[in-house]
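To start, the structure under review is shown below, and the notes come after it.
Derivation of every value follows stated rules applied to the coordinates shown; laboratory data play no part. Just so it is clear, the model here is predicted, and its values are computed rather than measured. No Cβ is skipped: glycine too gets one built from the backbone with ideal geometry, and neighbour counts run over all protein chains shown.
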Amino acid sequence: MLAFPDIDPVIIRIGPIGIHWYGLMYLLGFGATYLLVRKQILEECQNALSDSQYHGPSAASQLSQLEGILFSLILGIILGGRLGYVLFYNFSYFLEHPLEIFAVWHGGMSFHGGVAGVVFSGWIYCKGHDLDFWKWSDRFVVTAPVGLGLGRMGNFINGELFGRPADVPWAMIFSQGGQVPRHPSQLYEALLEGVLLFIVLWSLRCKAWPYGRKLAFFLVLYAICRIVVEFFREPDPQLGYVFLSWVTMGQLLSLVFLALGIILWWARGRSA
């Protein structure tokens with residue numbers, strides 16, 4: 001059994017205000033997304049210089065658009081993530097305590113809800129600014145695993161979303177999970193949803209697929225990784241298993257993502 005590193009979730013306190021590792025992970029994720037999408041734009045524009053027939057937008061104009069889109073996506077992931085948690089994971093509690101919906105500092109975000117929020121806010125922004133939603137979605141989605149991996153590291157530091165009881169040599173005791181050795185499932189998710197997905201998707205960023213297919217591929221890959229990891233992760237205590245005494249809410253929502261990804265892959269191929 002490995003010792004759980006007892007890291008204070010708060011990096012530094014300034015009076016009543018505390019800077020948390022989890023919040024820092026969000027900021028690092030957003031920063032990495034900006035830099036990686038910016039890199040893609042510059043690469044695309046550099047390659048386009050060799051094409052005398054290219055009359056598309058300049059790098060400067062696209063970088064300006066990037067800032068606006070990223071801001072809308074940040075709002076989308078925060079609002080969607082919170083509402084997703086409220087609706088999918090603890091609806092009865094928030095129905096009795098509606099003001100707690102706004103208390104995001106108490107924790108409670110849903111990745112599936114965050115994706116829905118990002119897609120909706122991105123679509124609204126692109127539609128309002130006459131931009132190709134599918135092209136921009138592919139640029140962003142290949143960077144998404146960076147934020148995912150960092151977020152799971154934040155969960156690990158907080159000692160939350162831990163795994164099921166285990167007797168493997170790398171099992172850990174999480175204070176919130178009692179004196180029982182458990183799978184460090186947050187690290188499994190960081191490796192699968194973060195490192196592995198980033199290696200695969202980033203290597204495909206220049207792949208000449210119809211726009212939207214990289215988003216579809218992400219949905220499929222993420223769904224598979226999440227379904228697998230959920231077998232090692234402790235189900236949410238307020239829900240337990242939601243179907244057949246072994247299916248968790250995370251797996252159920254990931255099955256929806258898997259189906260949507262397959263449908264989107266097929267639809268974007270037909271539209272090419």
| query | With θ set to phi - 60° and the Karplus curve 6.51 cos²θ - 1.76 cosθ + 1.60, what are the ³J(HN,Hα) couplings of the stretch 191-208 in order, to the nearest whole Hz, using x for Gly and Pro? | reply | 6, 6, 6, x, 5, 4, 4, 5, 4, 5, 5, 5, 5, 9, 4, 9, 5, 7
| remark: So, with points 7 Å from each Cα along the Cβ direction, the Ser203-Leu95 label distance in nm works out to 4.7 nm
| query | Relative contact order for the stretch 123-272 using alpha-carbon pairs under 8 Å, separation at least 6, rounded to a whole percent? | reply | 25 percent
| query | For the stretch 1-44, rounded, prolate or oblate, judged on the Cα gyration tensor with a ≥ b ≥ c (square roots of eigenvalues), a/c < 1.5 rounded, else prolate if a/b > b/c? | reply | oblate
| said: What value in Å³ per residue do you get for the convex hull of the alpha-carbon atoms in the stretch 77-135? | reply: 84 Å³
| task | Mind listing the long-range amide H neighbours of His20? Cut-off is under 5 Å, sequence gap 5 or more, other chains count too, H placed in the peptide plane at 1.01 Å from N. | result | Ile11
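If we count other beta carbons within 10 Å of each Cβ, what is the order of Glu100, Glu67, Glu193, fewest first?
So the ranking, lowest neighbour count to highest, is Glu67, Glu100, Glu193.
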| task | Please name which of Ser271, Phe140, Gly80 has its Cα lying farthest along the dipole of the chain towards the positive end, using unit charges on Cβ (Lys, Arg +1; Asp, Glu -1) and the Cα centre as origin. | result | Ser271
| So what does log10 I(q)/I(0) come out to for the chain at q = 0.11, 0.13, 0.15 Å⁻¹, using the Debye formula with one equal point on every Cα and no solvent? | -0.68, -0.93, -1.20
| query | Any idea what the dipole of the chain comes to, in debye rounded to 20, about its Cα centre with Lys/Arg Cβ at +1 and Asp/Glu Cβ at -1? | reply | 600 debye
| query | Separation of the stretch 23-97 and the stretch 160-221 by C-alpha centroid, Å? | reply | 21 Å
| So what is the relative contact order of the stretch 115-210, in percent, for Cα pairs below 8 Å that sit 6 or more residues apart? | 29 percent
| Sequence-distant or interchain residues sharing an amide H contact under 5 Å with Arg182, placed H: which? | Ala166, Met172, Ile173, Phe174
| message | Multiplying the sequence separation of Ala3 and Ile17 by 0.36 nm and subtracting their Cα-Cα distance, what value in nm do you get? | response | 2.1 nm
| said: Helix-only estimate, please: 222 nm mean residue ellipticity of the chain, summing -39500 (n - 2.57) across DSSP H runs of length 4 or more and dividing by its residues, to the nearest 500. | reply: -19000 deg cm²/dmol
| Cα-centred dipole magnitude for the stretch 28-186, charges only on beta-carbon of K, R (+1) and D, E (-1), debye, nearest 20 | 240 debye
| For the stretch 132-212, what is the charge dipole size about the Cα centre, in debye to the nearest 20, if Lys and Arg each add +1 at the Cβ and Asp and Glu each add -1 at the Cβ? | 180 debye
| query | Taking +1 at the Cβ of each Lys and Arg and -1 at the Cβ of each Asp and Glu, which of Val229, Ala216, Val119 sits farthest along the dipole of the chain towards its positive end, judged by Cα position relative to the Cα centre? | reply | Ala216
| note | The rounded separation in angstrom of the Cα centers of the stretch 2-19 and the stretch 224-272 is 32 Å
| Karplus couplings for the stretch 124-133 from phi (6.51 cos²θ - 1.76 cosθ + 1.60, θ = phi - 60°), rounded to Hz, Gly and Pro as x? | 4, 5, 5, 5, x, 10, 6, 10, 7, 4
| query | Around Arg233, which amide H atoms from residues at least 5 apart in sequence, or from another chain, sit under 5 Å from its own amide H, with H modelled in the peptide plane? | reply | Arg164
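Suppose R0 equals 41 Å. What FRET efficiency, 1/(1 + (r/R0)^6) with r the Cβ-Cβ distance, do Trp246 and Ala60 give to the nearest 0.05? Don't skip to the answer; put the middle values down first.
Details: r = 53 Å, r/R0 = 1.30.
That gives a FRET efficiency of 0.15.
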